[in-house]
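Student: My structure is below; once you've seen it, I'll send some questions.
Quick note: the coordinates plus some simple rules give every number you see, no bench work behind them. For clarity, every value in this text was computed on a predicted model and none was experimentally measured. Here Cβ is always computed from backbone atoms with ideal geometry, including for glycine, and neighbour counts include all displayed protein chains.
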Number of protein chains: 2
Amino acid sequence: KKVTVRAAAPSTRTIEEEVALDEAPLTLLREGGGDDAGSMRAKFEKMIRAAQNEICSAVEELDGQKFQEDAWTRPGGGGGISRVLQGGNVFEKAGVNVSVVYGQMPPEAYRAATGEQGSGKEMIPFFAAGISSVMHPHNPMAPTVHFNYRYFETDAPEGAEAAPRAWWFGGGTDLTPSYVFPEDAAHFHGTLKDACDKHDEAFYPRFKEWADDYFIIKHRMNERRGIGGVFFDDMNDRPQEELLAFATDMAAAVVPAYVPLVAKHKDDEFTEQQREWQQMRRGRYVEFNLVYDRGTTFGLRTGGRIESILMSLPLTARWQYDMQPEEGSREADALDAFRNPRTWLA
Amino acid sequence: KKVTVRAAAPSTRTIEEEVALDEAPLTLLREGGGDDAGSMRAKFEKMIRAAQNEICSAVEELDGQKFQEDAWTRPGGGGGISRVLQGGNVFEKAGVNVSVVYGQMPPEAYRAATGEQGSGKEMIPFFAAGISSVMHPHNPMAPTVHFNYRYFETDAPEGAEAAPRAWWFGGGTDLTPSYVFPEDAAHFHGTLKDACDKHDEAFYPRFKEWADDYFIIKHRMNERRGIGGVFFDDMNDRPQEELLAFATDMAAAVVPAYVPLVAKHKDDEFTEQQREWQQMRRGRYVEFNLVYDRGTTFGLRTGGRIESILMSLPLTARWQYDMQPEEGSREADALDAFRNPRTWLA
């Protein structure tokens with residue numbers, strides 16, 4: 001076993017030790033932590049690991065190359081399984097992460113997440129399990145996808161007698177094309193809507209708008225990084241089992257929503273100029289993720305495994321000074337779709 | 001005259017209008033603002049504009065291509081002159097910005113900058129003038145340079161009777177090579193030290209350490225983005241004229257400190273693998289600037305002219321999953337220098 005010792009970000013209080021594993025363990029849950037197979041922690045881990053397998057298989061089949069896997073644990077419990085396919089036939093870089101994290105969260109973050117009042121200053125122990133993925137294909141006509149489904153729990157602060165335990169679900173799936181094909185957008189959004197509708201017809205309209213409001217690059221005149229999809233957070237207003245079923249169906253919708261679009265465009269012809277536009281849009285992706293994305297900025301501050309956190313960044317990106325698309329061009333149309341979110345479904 | 005209307009970031013309270021100018025105006029100071037030629041505002045603007053001319057001339061002479069210039073003002077006063085050389089013979093992207101900004105700063109930012117106590121909630125009017133520049137050469141053996149010299153003033157809050165007016169100087173010059181040449185590092189640091197020593201022999205050691213502490217990418221195990229140089233901020237403990245003279249000499253040291261290094265390495269041979277390492281280091285540059293750099297993050301939050309703020313980003317960058325240099329390689333040596341700042345001068 002390789003042992004990698006790394007210093008955590010200075011804002012955290014201890015030096016964390018990551019232990020690389022030769023292969024993925026049966027469970028990333030803390031041993032003896034009292035989480036039986038019927039607990040939501042265990043069920044959610046099982047769900048995201050099955051989703052990781054299913055999605056990676058579909059992508060490998062399309063690409064012809066295999067993901068490489070890195071598994072790691074931390075002595076305090078928790079760990080992750082990162083799978084990366086880099087320099088593939090179809091994908092420039094595709095990553096699918098599963099992680100289970102035990103940590104301490106600042107009380108303001110807890111209050112922000114739960115909406116609770118209070119002025120407590122103790123760190124709140126939390127548990128988070130999630131799957132997150134970004135896949136960047138080579139071809140500028142083939143879109144990038146991102147998805148993330150997560151389950152969060154907080155314990156009582158250490159030393160407190162009996163504080164309420166909170167839990168919530170969050171997630172989303174969104175598409176970032178460089179060039180916009182309305183029929184592709186309709187297929188993607190339609191597939192997500194069908195999965196939502198199985199649970200609540202109010203979900204898709206609400207979560208579509210939430211995505212449009214979330215993936216905003218404020219410093220770029222509120223340009224979105226792509227054409228959205230669905231996004232939700234802090235969900236705890238239904239039984240856990242119902243929300244688990246919803247997250248499960250949303251994760252299962254990734255392959256049918258996305259893979260056909262890449263299959264369709266992976267061999268499209270393109271010009272050098274179109275490749276540059278794609279690279280510039282990748283630059284915007286980097287800007288959104290490093291400056292605004294909650295998962296990324298949370299990870300950077302809390303000192304998670306950095307290669308897994310930044311796996312979402314594209315292999316290459318470009319910042320060309322004052323690049324403005326020509327009026328009436330396909331690039332201008334894409335930019336318009338990023339600036340003014342559209343309704344893709346009739 | 002072209003008129004570009006842009007929406008400011010939502011966090012600002014008004015929609016700012018930028019007006020592109022056909023040519024750079026004689027002064028960017030507010031007309032009728034009562035700043036005569038003897039004011040520090042006027043003297044500092046004159047200094048940074050002369051420095052912009054001098055540095056751009058030296059770079060054009062080396063490169064063989066010319067900078068393109070964009071000048072702009074804002075109706076409320078202030079503006080900037082951005083010069084960019086992109087796709088040159090020697091430089092992939094080089095930008096030299098001069099800007100004069102009148103704005104409103106949150107009281108916490110004011111207290112952080114001045115060290116003052118207080119609990120006032122009024123926005124504080126400020127004035128900031130500065131030159132900032134980043135130059136990225138093509139050749140992986142030729143280093144990137146960054147420098148920035150700025151002068152800051154705050155007025156009494158609107159409506160306040162007579163609050164103290166504060167002012168300070170800040171700045172620095174630092175080098176980011178992909179490969180480390182100790183003799184180049186010694187030349188660069190030595191030139192900066194000579195300029196510092198003319199003013200105070202305590203400056204170089206203090207500001208060299210400050211740079212080592214500032215250019216830290218916390219989430220990368222405290223790796224620095226390069227091999228440093230000098231950095232200082234909040235300086236107001238000497239007469240303004242002395243600090244102006246110091247900033248003037250530091251800006252004048254950029255050309256002798258940096259240009260010979262690019263001249264020396266611009267035609268060095270390199271491999272594809274060395275180019276990839278350079279591109280990966282450019283990725284680190286992007287990470288530092290978007291996540292930590294004060295000027296950039298301040299600019300993103302306050303809604304400045306985005307193309308000028310992000311001119312510092314490289315033309316292209318790369319994020320390869322888990323790229324680890326081989327033990328004993330030149331890349332490993334560079335990484336060691338970034339992780340453990342060295343003393344370059346005997």
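Student: Can you list residues from other chains, or at least 5 along the same chain, whose modelled amide H is less than 5 Å from the amide H of B:Glu223?
Tutor: Residues meeting the amide H criterion: B:Ile217.
Student: Most mobile of B:Gly78, B:Gly229, B:Gly118 per a Gaussian network model of chain B (Cα springs, under 10 Å)?
Tutor: In this elastic network of chain B, the residue with the biggest mean-square fluctuation among B:Gly78, B:Gly229, B:Gly118 is B:Gly118.
Student: Okay, moving on. Take the Cα radius of gyration of the protein assembly as shown and divide it by 2.2 N^0.38 Å, with N its residue count; two decimals is plenty.
Tutor: On the way: Rg = 26.1 Å, N = 692, 2.2 N^0.38 = 26.4 Å.
Against the empirical 2.2 N^0.38 Å value, I get 0.99 for the protein assembly as shown.
Student: Two-decimal Rg/Rh of segment B:120-257 from alpha-carbon positions, Kirkwood Rh?
Tutor: 1.05
Student: Which residue fluctuates most in the GNM of chain A (Cα springs below 10 Å): A:Leu290, A:Leu192, A:Leu85?
Tutor: A:Leu290
Student: Under the rule a/c < 1.5 gives rounded, and otherwise a/b versus b/c splits prolate from oblate, where does segment B:189-346 land using the Cα gyration tensor?
Tutor: prolate
Student: Taking 7 Å along the Cα-to-C-beta vector as the label spot, tell me the B:Asp237-B:Ala202 distance in nanometres, rounded to one decimal.
Tutor: For B:Asp237 paired with B:Ala202, the spin-label model returns 0.6 nm.
Student: If we count other beta carbons within 10 Å of each Cβ, what is the order of B:Leu335, B:Leu29, A:Leu175, fewest first?
Tutor: Placing the least packed residue first, the sequence is B:Leu335, B:Leu29, A:Leu175.
Student: Quantify how strongly other chains surround peptide A:100-111 by giving the mean number of their Cβ atoms within 10 Å of each of its Cβ atoms.
Tutor: 0
Student: Please list the non-local residues whose amide H lies under 5 Å from the amide H of A:Met105, H modeled 1.01 Å from N, same-chain partners needing a gap of 5 or more.
Tutor: The list, which skips near neighbours in sequence, is A:Ile124, A:Phe126.
Student: Below 8 Å, C-alpha to C-alpha, sequence gap of six or more: please give me the relative contact order for chain B in percent. Intermediate results must be reported in sequence, preceding the final value.
Tutor: Details: 623 pairs, mean separation 53.3, N = 346.
So the answer I get is 15 percent.
Student: What's the minimum Cβ distance from chain A to the axis relating it to B, in whole Å, and which residue gives it?
Tutor: Spelled out, residue of A and its Cβ distance from the axis onto B: A:Leu290, 2.
Student: Using square roots of five times the C-alpha gyration tensor eigenvalues, list the equivalent-ellipsoid semi-axes of segment A:15-112 in whole Å, biggest first.
Tutor: Semi-axes from the Cα gyration tensor: 28, 16, 14 Å.
Student: What number comes out for the charge environment of B:Ile48, summing +1 per Lys or Arg and -1 per Asp or Glu over other residues with Cβ under 13 Å away?
Tutor: Result for the neighbourhood of B:Ile48: +4.
Student: Compute the signed sum of charges (Lys and Arg +1, Asp and Glu -1) over the other residues within less than 11 Å, Cβ to Cβ, of B:Phe181. List each step's numbers first, then the result.
Tutor: Numbers: positive: B:Lys264, B:Arg330; negative: B:Glu183, B:Asp184, B:Asp268, B:Asp333.
Local net charge: -2.
Student: Can you tell me the dipole magnitude for chain A around its Cα centre, using point charges on the Cβ only (Lys, Arg +1; Asp, Glu -1), in Debye to the nearest 20?
Tutor: 640 debye
Student: Which net charge results for the neighbourhood of A:Pro205, defined as the other residues with beta-carbon distances under 12 angstrom from its beta-carbon, given Lys and Arg at +1 and Asp and Glu at -1?
Tutor: After counting each charged neighbour, the total is -2.
Student: Treat every Asp and Glu Cβ in the protein assembly as shown as -1 and every Lys and Arg Cβ as +1, leave all other atoms uncharged, and give the resulting dipole magnitude about the Cα centre to the nearest 20 debye.
Tutor: 240 debye
Student: Quick check on segment B:208-287: take the gyration tensor over C-alpha atoms, sort the square-rooted eigenvalues as a ≥ b ≥ c, and tell me if it's rounded (a/c under 1.5), prolate or oblate.
Tutor: oblate
Student: Also, I was wondering about something else. Go ahead and set up a Gaussian network model of chain B, Cα springs under 10 Å, then flag whichever of B:Ile48, B:Ile124, B:Ile217 fluctuates most.
Tutor: Between B:Ile48, B:Ile124, B:Ile217, it is B:Ile124 that shows the largest mean-square fluctuation.
Student: Which shape class applies to chain A: rounded if a/c is under 1.5, otherwise prolate when a/b exceeds b/c and oblate if not, where a ≥ b ≥ c are the square roots of the Cα gyration tensor eigenvalues?
Tutor: prolate
Student: Moving on. Need one value for B:304-315: mean number of C-beta atoms belonging to other chains within 10 Å of its residues' C-beta atoms.
Tutor: Working: counts 1, 0, 6, 6, 2, 1, 6, 3, 1, 8, 4, 7.
Neighbouring Cβ atoms belonging to other protein chains average 4 per residue here.
Student: Let me ask something additional. Treat the count of other C-beta atoms within 10 Å as a stand-in for reagent exposure and order A:Leu26, A:Leu300 from fewest to most. Intermediate values should be presented prior to the final figure.
Tutor: Values: A:Leu26 6, A:Leu300 23.
Starting with the residue having the fewest Cβ neighbours, the order is A:Leu26, A:Leu300.
Student: Enter the mean number of other protein chain beta carbons within 10 Å of the beta carbon of each residue in B:185-194, as an integer.
Tutor: If you average over the peptide's residues, the count of other-chain Cβ atoms is 0.
Student: If you filter segment A:18-77 for trypsin sites (Lys or Arg not before Pro), then keep DSSP loop positions with at most 14 other Cβ within 10 Å, what is left?
Tutor: Sites meeting the loop and neighbour criteria: A:Lys66.
Student: So which GluC sites (Glu not before Pro) in segment A:224-327 end up in coil per DSSP with only 14 or fewer other C-beta atoms within 10 Å? Can you show the working numbers first?
Tutor: Details: sites: A:Glu241, A:Glu242, A:Glu269, A:Glu272, A:Glu276, A:Glu287, A:Glu307, A:Glu326, A:Glu327; in loops: A:Glu269, A:Glu326, A:Glu327.
Within segment A:224-327, the qualifying GluC sites (Glu not before Pro) (loop, at most 14 other Cβ atoms within 10 Å) are A:Glu269, A:Glu326, A:Glu327.
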